[in-house]
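Readers should treat all values here as calculations from the given coordinates under stated rules, not as data from a laboratory. Here the structure is a predicted model, which is why all the values come from computation and not from measurement. For neighbour counting, all protein chains shown are included, and Cβ atoms are generated from backbone atoms with ideal geometry for every residue, glycine included.
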Amino acid sequence: MAGTLHRLNAKQVENAAPRTSLNDGGGLFLRTTASGSKRWVFRYTLKGQKQKEMGLGSFPGTKLAHARQKAAAARDALAQGLDPIAEANRLAEETRAAAEKEAAAQVTFADYVETFLPWKTKGFSNPKHIAQWGMSLRKYAAPLGLKPLPEITRHDILAILQPMWDTKHVSASRLRGRLENLFDHAIQNGAYHGDNPARWELFNATLTPTRKLTGQHRPAMPRADLPKFVEDLRAQKYMGALALEFLILTAVRSGEVRLARWQEFDLENELWEIPAERMKMRRPHVVPLSPRAVEILSEAKAISLSEFSDDGYVFEGAKAGRPMSDMTIRAVMRRMDLGQYVPHGFRSTFKDWAMDETEFPRELVEEALAHALGNVERAYRRGQAVDRRRALMLAWQSYVDGGETGTDNIVKLGGHRA
């Protein structure tokens, strides 16, 4: 490294010829390419290593005085036994991290909710579930909205949870879990530093323990009561009652019934193919229809408010051309003074009946419910013809109609009646 510093002046730098290298001293050089572009470099050698060259910027973006300042900083690093390139990278990383931290400090909780929710709900298939997450984080956590995300503490979250913990326990418990999810996301993406302020361990000595869901969760009607209930249900001549009976006979979820369209039905072959996008497991589900299920479709068409069209809803709501609301089917049960049960519970009733009172294979029952199956069971399912499940649904209708599940309704694994 040359001992004399500041050998160049501004005019020499300005007029540097192509393909030249001008030495300013102290390891600082100006390099000019064949095309005339110019850049500053710092040349140095660490003990025991080959000579290195560090870029300091191009001219005229980096003027002579600025290049000398950079070269002086590099020489200071060398004097301390440091590699100037490594030191420059370290300082740049510190600067970047500080800038990110400062930017993150400006992000409010409400801002981050709008970043988090699209990521979290991307794979959700149920619009109601998506809306519930938005409700929790936008409405119930609204007091956090304008607070910078990095400043939120356990005390801020407790101030939201405590007033609603006993009066709206389910909503409060879900809110805490969703906040924990949000802060996990923020921590992993550098928007929040420190431990998750919403984790349950920070509240379990302050708030009463989370209530365990018992048998009252999605309560199912005892199967012995089902035939009388369906008999009474058939006396209710309106769309909601038809939808509920159809749900019972097909053992599907309420959303799959409410959003069913005519184009999904092959009435000639008495089949209903529910598209993958409306199924929880995201695969198409074929339902063999029992005779009564086909009759219900005819009755629904007869009382529909709209003219028939392939893309029309089978079970319309109060407005023509619109699907039935989420609460309509449950309201049927409340009107019949059976509000202690929920429509989804009929799937459990169906499974209990099939497993306890018939000899249908478990894999066939699970397939009828569109449940996920293991590798062996999936191989089994590929070998199942639709008529095997049709036999199951016919036996189910027979039971619902008040018939006994005697030997006439028992189907052995080979498909022959006992």
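Modelled spin-label separation between residue 359 and residue 401, with each label point placed 7 Å from Cα along the Cα-to-Cβ direction: 2.3 nm.
When Rg and the Kirkwood radius Rh are both evaluated on Cα atoms of the range 109-202, their ratio Rg/Rh stands at 0.94.
By how many nm would the segment from residue 166 to residue 188 grow when fully extended, if each residue of separation counts as 0.36 nm and the alpha-carbon distance is taken off?
Working: separation 22, 0.36 × 22 = 7.92 nm, distance 3.19 nm.
Full extension of this stretch gives 4.7 nm more.
Think of the range 10-104 as a dipole: +1 on every Lys or Arg Cβ, -1 on every Asp or Glu Cβ, centred on the Cα centre; then among 29, 91, 18, 18 lies furthest on the positive end. Scanning the chain for chymotrypsin sites (Phe, Trp or Tyr not before Pro) lying in DSSP loops with no more than 11 further Cβ atoms inside 10 Å, the longest uninterrupted stretch between such sites is 1-237.
Which length gain, in nm to one decimal place, applies between residue 335 and residue 126 when the Cα-Cα distance is subtracted from 0.36 nm times their residue separation? Don't jump to the answer; show the numbers that get you there.
Numbers: separation 209, 0.36 × 209 = 75.24 nm, distance 2.64 nm.
Full extension from residue 335 to residue 126 adds 72.6 nm.
The dipole here belongs to the chain: it is taken about the Cα centre, uses +1 on the Cβ of Lys and Arg and -1 on the Cβ of Asp and Glu, and is about 2240 debye. Considering only alpha-carbon pairs that sit under 8 angstrom and 6 or more positions apart, the relative contact order computed for the range 269-367 is 11 percent.
The three principal axes of the C-alpha atoms in the range 1-44 carry coordinate ranges of 30, 21, 11 Å, sorted with the longest axis first. Put a plus charge on the Cβ of each Lys and Arg, a minus charge on the Cβ of each Asp and Glu, and nothing anywhere else: the dipole of the range 223-409 about its Cα centre is then about 700 debye. Ordering 124, 40, 339 by the projection of their Cα atoms onto the charge dipole of the chain, which places +1 on the Cβ of Lys and Arg and -1 on the Cβ of Asp and Glu, puts 40 at the extreme positive end. Taking 73, 331, 92 in turn, the Gaussian network model of the chain (Cα-Cα springs below 10 Å) assigns the largest fluctuation to 73.
Which one of 75, 199, 335 has the biggest mean-square fluctuation once the chain is modelled by GNM with Cα springs under 10 Å? Ranking 75, 199, 335 by mean-square fluctuation puts 75 first.
Largest GNM mean-square fluctuation across 301, 47, 38, computed for the chain with C-alpha springs under 10 Å, falls on 47.
Any chance you could give the angle, 0 to 90 degrees and rounded to 10, that helix 239-250 forms with the longest Cα principal axis of the chain? Its long axis makes an angle of about 90 degrees.
Can you give the extra length, in nm with one decimal, that the chain gains between residue 201 and residue 263 once fully stretched, where that is 0.36 nm per residue apart less the Cα-Cα distance?
17.2 nm
Using Cα centres only, tell me the gap between the range 140-206 and the range 271-294 in whole Å. About 40 Å separates the Cα centre of the range 140-206 from the one of the range 271-294.
Could you please report the charge total around residue 21, scoring K, R as +1 and D, E as -1 over all other residues with beta-carbon less than 13 angstrom from its beta-carbon? Working shown, then result.
Numbers: positive: 7, 19, 31, 38, 39, 43; negative: 24, 53.
Here the count lands on +4.
Using C-alpha pairs under 8 Å with a sequence gap of at least 6, the mean separation divided by the residue count of the chain gives a relative contact order of 10 percent.
The residues packed around residue 33, meaning those with a beta-carbon under 9 Å from its beta-carbon, carry a net charge of +4 if Lys and Arg are +1 and Asp and Glu are -1.
Within 10 Å of each residue's Cβ, count the other Cβ atoms and sort 155, 371 from fewest upward.
Working: 155 9, 371 14.
If I rank by nearby Cβ atoms, fewest first, I get 155, 371.
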